[in-house]
Amino acid sequence: MISAAYAQSAAPTDAGGLMGFLPIILMFVLLYFMLIRPQMKRAKDHKSMIEALEKGAEVVTAGGIVGKITKLTDAYVTLEIAANTEIVVQKQAVQTLLPKGTIKAL
């Protein structure tokens, strides 16, 4: 009374291998262009700014301290933040190079 049910065999598809990975590949490409590439560009710009520092330049540190460079070494920068007040910070802590005369305008 009850007949046997047999499963139908699936048709072979050639595009299943690459098409299955296509969304993952597209996500990695999108991730590269939206996150990794801009971050590498910012790091390159920061490195070139650090290398271009010179005595007398006005800068802002990562902590928000505004000062004028009075001394440079390989790893550290001495900043004058007020009259006769100097602090030493790492070069990597310098975040922004300000135009000349900015401190006087503050």
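The values are calculated or read from the model by the stated rules, or taken from the named source; none is laboratory data. These figures come from a predicted structure and were not determined experimentally. All Cβ positions, glycine included, derive from the backbone under ideal geometry; neighbour counts span all protein chains shown.
Just a few scattered comments:
- In region 54-68, the residues that are free of Cβ contacts under 8 Å to residues at least 12 places away in the same chain and within 14 Å of T102 (Cβ to Cβ) never reach a residue that is among the aromatic types (F, W, Y) and in a strand (DSSP E or B) with C-beta atoms less than 9 angstrom apart, at least six apart or across chains.
- The set of residues in region 74-106 that are among the basic types (K, R) and surrounded by 14 or more Cβ atoms within 10 Å (Cβ to Cβ) contains only K91.
- Every test in (1) within 12 Å of Q95 (Cα to Cα); (2) acidic (D, E); (3) in the same structural domain as K100 (by TED's automatic domain parsing) is passed by D74 save one, and that test is (1).
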